[in-house]
Every structure is written in C-alpha cells, then in structure tokens.
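Remarks on the structure that follows.
The values are calculated or read from the model by the stated rules, or taken from the named source; none is laboratory data. Computed from a predicted structure; not experimentally measured. Cβ placement follows ideal geometry from the backbone for every residue including glycine, while neighbour counts extend to all protein chains displayed. All accessible areas refer to the heavy atoms of the entire protein, side chains included, with ligands and DNA or RNA removed. Shrake-Rupley method; radii C 1.70, N 1.55, O 1.52, S 1.80 Å.
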Amino acid sequence: MKRLDLFGLLKKDMNFIEEELYRSIDSTEPLINNTSLHLLKAGGKRLRPVFVLLGGKFGEYDLDKLKRIAVPLELIHSASLVHDDVIDDAEMRRGQPTVKSKWDNRVAMYTGDYIYARALSIVAGLPNPDIHRVLSKALVQMSIGEMEQIRDFFNVDQSVRNYLLRIRRKTALLIAVSCQLGAMAAGARESVNSLLYTYGYNVGMAFQIQDDLLDLCGTEKKIGKPPGSDMRQGNITLPVIYALGQPELRDDLLAEIGRIQAGDGQGDARKAVDMIKKSEGIAKAEILADRYIKKALLALDLLPDVKTKKTLRDIAHFVTRRSY
C-alpha cells in the first residue's frame, strides 16, 4: 500500500505540503541541510499533515493557513525521531541509516533542535493564541513522555497503565492535536474541534500499539529495522508487558530480557521475540488497539456528515491493519 493510497482526496494538497516540508528546512549551512534532508528523504506516512488537512475540511478550508500547522507538526514529529534515535542508539529507521549513525550523536541532537526551531518559526505566523496554547501544551507532554520512556528502560515491572500514559504523551497527543488544530485553523465549531481531538487521540493510541506489535511481528523489509529492536533498546512495550504477566512464561522471558540488557542492548532478541509471539501478549494488545479504534469511530459518528468522514474512517481501519 503506497503512502497516499488512502488519501486520494488530498493528493494535490499533500504534494504541496511535501514541497513545503523540504523548503522549510532549507539552510545555507551545508551540514545541517544535509542531515535534515536525509531525515525527510527517508519518507514516512505523513499522517500528521494529513490529519491537519482533513480537520480543516470541517471549517473554511484554507491551505495557506493549514500549511502553517501541517508542516510544523510533521517537523516536530521528525525532530522527535532524531532525538529518539540518539537515546535508543538506533542504527536504522525506515530502512535507512539514522542521522546519528551516519554522522554522530552531537550532529543528530543539533539537527533535531534545528528542525524543532524551524517548526516553531513557521507556526508563529498564525495569530490565533489558542493554537499556540494547544501546541505548546502538547510539546510539554511529549517531553515528559520521552523522559518516562528513559526512566522505564528495561523496567520489566511496569504496569499497562504506565505504558498507556507514556504512549499517550509520546504519540497520541500529537496526532490528536493534528486533527484538532486543523479544524481550529479553519474556524470550525468548538464541539467539532473536541470530537476531532477525541478521534485523533484514540487513533494515535491504536497507532502506537500497532507499531509495537509490528516491531515484534513484522519483517525487517517491511518495518525498516530488525524485529525486536524496541526490546534491544530497552523499550518494554505492551505485548511484552502482557507476556510477562503469564506465570508460566515470566521467568524464561525475564532471563532472555536480562541477557539482552547485559549485552548493552545489542544482544540477540530472537528468542525473546519468539516467546512473545507464542504468548497471549500479541492477541491482547491487538484487542486493546481495536478498542481504541472503536472509540475513534464513535467520535467520528458524531461529527458533521461531510465527505471527509469516509477518509477518516478509512484511516482508522488502516491503522490496525497496516504491515509497515
């Protein structure tokens, strides 16, 4: 499934947003230009800009206004990935070497900072203070989520609740505000903005759970990194938490995770991945992801009946069925 197959309604506008993304990070400093371009050229689903534009369809659609939200939100997401790869010591992302592996940690950190700064300078062109308030609050929460992930590296005793709060902050909030801010910029009613936030939040939660499932069940060709990469980096995800809750499996799985940790995160995770795939963890995580999608669709049903709803519904179904 190609990146924009689901989004034919927005193909022309998304091509414009893609061009704006490249323009936005253009720099006269060759190194920072190269590192920033390297990240964008690796691609991505561009879900956040898509959600901004779709949210804008519920009000007075103005691409010139919406680009000042769609581009910054994708840049913020991209910057967070550059920083994540440093923290996780990740060598590959989307099938390409990460910025930190192709250059080094210092270059990667400043690249992320530069992209964040460019995002904020673009959104500054919008006069609505509520947009800035919503975005700044989401960025604060994202930062807390990143710190929580570091705190919980190789924490095999964390609860499902802690995991859900972490992915709420790290992933779901930015998707939620993408939907919300697109509608706000288009002057949609407050009730519409709120429902779109709820839709985006629940899609975002399901999206991250599916990401965690793909890390265990996907192929390296499809996901762009070796299966079990999260575990090697110390990220204990939902399927792993569920698997650790099975008494007959816990001791053996703990031993494998301990070996991975003792290998400084570079140990062989294949045995642990195989154990988790045979556990109840996969099915239980899939069930929870489906619950979030059902909540998203309930919010969608309450929105005004416009053509855009079908695309939002298609995206919700795509999230838990995707293989990349």
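Testing Val86 on (1) over 17 Å from Tyr22 (Cα atoms); (2) open to solvent by less than 40 Å² (accessible area, probe 1.4 Å); (3) out of contact with any Ser or Thr (no Cβ under 9 Å at 6 or more places or on another chain), one condition comes back false. Which one is that?
Val86 satisfies all of (1) over 17 Å from Tyr22 (Cα atoms); (2) open to solvent by less than 40 Å² (accessible area, probe 1.4 Å); (3) out of contact with any Ser or Thr (no Cβ under 9 Å at 6 or more places or on another chain) except (3).
Restricting to region 254-276, count the residues that are touching a residue at least 24 places away in the same chain (Cβ under 8 Å) and in a helix (DSSP H, G or I). Show your work before the answer.
Narrowing region 254-276 to residues touching a residue at least 24 places away in the same chain (Cβ under 8 Å): 254, 257, 260-261, 265-267, 269-270, 272-273, 275-276.
Those still in the list that are in a helix (DSSP H, G or I) too: 254, 257, 260-261, 270, 272-273, 275-276.
Of the residues in that region, 9 qualify.
Identify the residue in region 141-161 that is in a helix (DSSP H, G or I), open to solvent by less than 60 Å² (accessible area, probe 1.4 Å) and among the polar types (S, T, N, Q) and, among all such residues, is nearest to Ala262 (Cα to Cα).
By that ranking, first place goes to Gln149.
For the structure I just gave you, tell me whether Leu6 is at pLDDT below 95 and not assigned by the TED database to the domain that holds Arg189.
Yes.
Every residue, every condition in (1) buried (at least 21 other Cβ atoms within 10 Å of the Cβ); (2) among the acidic types (Asp, Glu); (3) free of Cβ contacts under 8 Å to residues at least 24 places away in the same chain; (4) more than 30 Å from Arg68 (Cα to Cα), yes or no:
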| position | (1), (2), (3), (4) |
| --- | --- |
| Met184 | yes, no, no, no |
| Ala188 | yes, no, no, no |
| Gln246 | no, no, no, yes |
| Arg250 | no, no, yes, yes |
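As an exercise: evaluate Ala138 against (1) of a type outside the set (S, T, N, Q); (2) open to solvent by less than 60 Å² (accessible area, probe 1.4 Å); (3) closer than 22 Å to Arg232 by Cβ and give the number of the one condition it does not meet.
In the conditions (1) of a type outside the set (S, T, N, Q); (2) open to solvent by less than 60 Å² (accessible area, probe 1.4 Å); (3) closer than 22 Å to Arg232 by Cβ, Ala138 misses (3) alone.
For region 277-323, enumerate the residues that are assigned to a loop (DSSP other than H, G, I, E, B) and open to solvent by 30 Å² or more (accessible area, probe 1.4 Å).
Lys278, Glu280, Leu302, Pro304, Asp305, Val306, Lys307, Thr320, Arg321, Ser323
Every residue, every condition in (1) over 20 Å from the mean Cα position of the chain (by Cα); (2) farther than 20 Å from Phe51 by Cβ, yes or no:
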| residue | (1), (2) |
| --- | --- |
| Ile69 | no, no |
| His77 | no, no |
| Lys100 | no, yes |
| Asp104 | yes, yes |
| Pro129 | yes, yes |
| Ser136 | no, no |
| Met142 | no, no |
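Has region 29-44 got any residue that is modelled with pLDDT of 90 or more, β-branched (Val, Ile, Thr) and open to solvent by 20 Å² or more (accessible area, probe 1.4 Å)?
yes
Only residues that are over 25 Å from Phe318 (Cα atoms) and among the hydrophobic types (A, V, I, L, M, F, W, C): list them for region 19-48, please.
Scanning region 19-48 gives Ile25, Leu31, Ile32, Leu37.
Which one of these does Phe58 not meet: (1) among the aromatic types (Phe, Trp, Tyr); (2) touching a residue at least 24 places away in the same chain (Cβ under 8 Å); (3) surrounded by fewer than 21 Cβ atoms within 10 Å (Cβ to Cβ)?
Every condition holds for Phe58 apart from (3).
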